[in-house]
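The values are calculated or read from the model by the stated rules, or taken from the named source; none is laboratory data. Values in this document were obtained by computation on a predicted structure and should not be read as measured data. Cβ coordinates were reconstructed from backbone atoms using ideal geometry, including for glycine residues, and neighbour counts include every protein chain displayed.
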Amino acid sequence: MLNSTQPTSHSESVKPRIRGRFRHLVALVAALSMIAACSQAANDSTSSATEEPSTGTTAATADDSGSETAVEDSLGSSSDAGSLVPAGADTPGVTDESITVSVIITDTSAVAAAFGWEVPNEGDREAQVQALVDHVNANGGIAGRNLDAQVHVFNAITDGPVAEEALCNAITQDDEAFAVIMTGQLQENARPCYANARTLMLDATLYPVDNVGFDELAPYYWSPFLPTYDDLVAGLGADLVSSGWFDGGTVGVIAIDSDLSERVYEQQLLPALTDAGVEVASFNTIDPTDGTSFNNDQLQAIVNFKEVGVDRVVAIGGSRLVSWFIDTSLTQNFSAQFAVSSYDAPDFNTFNYPEMMVGAAGISVLPGYDVADDQYPFPAAGPESDCVDIFVDAGLDVSDRASVRTGLIFCDAMNLLVAAGDSAVEVSAAGIGEAVWGLGDSFAAASVYGVEFEQGRYAGGDKYLRFAFDESCQCMVVGTDITDFDG
């Protein structure tokens, strides 16, 4: 995603061209969404990801001298490192010597180039994965086994159901992976494909899933560092109410036309607003099936909003709906204050549409994609510093949080597998899941504000920071108090 605090070379003459393309390339919704998961090319020196998912093996050789040594820092820390945990029946990717984990790096450089966007330098993500693998294996591996990481660079401009099924097949059939660390994949067929292959998913994509969705894919699907979409929307509504954002305003809601959006609106957002005496003056669904319906539904929503004087807009369902709606609103001379979360691409919006972000407020759950380092100091003490040290020790450039924001997610995912593997009864999706639940609130994450694992729930994101748009810096400014979604 774009770095909202550094719009230094994005000229005003470029914006109309970008906005025109933005309106007419609805087919790239999923590809655009992937920018929030991983930006830029896979590494500093090349952006040569092919049209098909490319596969490369990350070396995973253990340091014999350290194979039984307890780890002192965050990644790989364990008092039982090196003990062999038995594999579950019919569990792919696990031998007595190794455990195969596939890692998806989403390359959005071609998408950014097509639109003339600038994206932050995320460093050499393949080298970051290698550094983490080397560190894990030098300190006992996972459940007594070497970590064998298979890296797949996925070109976001080719995204679609066919491409994502091909990637899934490469990971589940060619790699025969035990687990996949996901930073992309927005198509509906992707996650069921991995679940059908009994591949454990650790998803860090800003892809909205509520408790119903997690239960449908249990025990294979986890979003361990992000909240459920239920919690996110409930937290967003409650925080906006408590901050007075709705006061004196007329509220309109736009929602992606889906069962997920309907559930979350009816069960989370509407009750929070009703309890606070906030009335929704206009509710509108947006059908993303094709460009015509998507555009027409947005235009109708704007007509409805104008009729009742809406000046506060809340979006439900992700899919960068806020960005699309802002762009369409510009053509219709409609302006309002927007509620935003990490799922609404706040950095992209502040960079491209600062004039439309005045009055915007909401909650941040993923600092590397939402706020600048001067808003949330980098590196934060504890797990973020520990992960950064691994990259620095490997000789990698770490200039700011953006340069390692995806690397921090990879670090958290591998750290979680190590921690769960140490206490698991068996190495299987269910066995690792039970071990993750056993971690409770003891797991310290590097990429987010905080996590807590609860029995029966497959998302761990537990904390957020309030943020709001500041005209003086044209950026999202965070509050000082980290808040628990449970209150």
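Of the conditions (1) among the small types (Gly, Ala, Ser); (2) in the same structural domain as residue 316 (by TED's automatic domain parsing); (3) part of a loop (DSSP other than H, G, I, E, B), residue 238 clears all except one; give me its number.
It fails just one condition, (3).
Taking the stated definitions as given, is residue 181 closer than 19 Å to residue 459 by Cβ, in the same structural domain as residue 389 (by TED's automatic domain parsing) and not charged (D, E, K, R)?
yes
Among helices (runs of 4 or more DSSP H) lying entirely in region 343-400, which contain 1 or more residues that are over 17 Å from the mean Cα position of the chain (by Cα) and over 24 Å from residue 443 (Cα atoms)?
Those helices (runs of 4 or more DSSP H) span 346-352.
Mind listing whichever residues of region 125-159 are touching a Leu at 6+ places or on another chain (Cβ under 9 Å) and closer than 21 Å to residue 169 by Cα?
Result: 147, 149, 152, 154, 156, 157, 159.
Those residues that are among the hydroxyl-bearing types (Ser, Thr, Tyr), touching a Cys at 6+ places or on another chain (Cβ under 9 Å) and assigned to a loop (DSSP other than H, G, I, E, B), I need them from region 89-126; list them, please.
108
Taking residue 400 as the residue in question, decide whether it is at pLDDT below 95 and of a type in the set (D, E, K, R).
Yes: the conditions hold for residue 400.
How many residues are buried (at least 16 other Cβ atoms within 10 Å of the Cβ), at pLDDT below 95 and either out of contact with any strand residue (DSSP E or B) (no Cβ under 9 Å at 6 or more places or on another chain) or among the hydroxyl-bearing types (Ser, Thr, Tyr) (or both) if we restrict to region 450-482?
1
Would you point out which residue out of 358, 365, 371, 404 is in contact with an Asp or Glu (Cβ under 9 Å, 6 or more places away or on another chain), surrounded by 19 or more Cβ atoms within 10 Å (Cβ to Cβ) and within 22 Å of residue 238 (Cα to Cα)? So that I can check it myself, show each step before the final result.
Numbers: 358 fails: surrounded by 19 or more Cβ atoms within 10 Å (Cβ to Cβ); 365 fails: in contact with an Asp or Glu (Cβ under 9 Å, 6 or more places away or on another chain); 404 fails: within 22 Å of residue 238 (Cα to Cα).
After ruling out the rest, the residue left standing is 371.
Mind checking which residues of region 383-417 are over 25 Å from residue 221 (Cα atoms) and not aliphatic (A, V, I, L, M)?
Across region 383-417, the qualifying residues are 385, 386, 389, 391, 393, 395, 397, 399, 400, 401, 403.
Could you grab me the full set of residues in region 302-334 that are within 20 Å of residue 265 (Cα to Cα), part of a helix (DSSP H, G or I), under 28 Å from the mean Cα position of the chain (by Cα) and of a type outside the set (Val, Ile, Thr)?
The answer is 321, 323, 324, 325.
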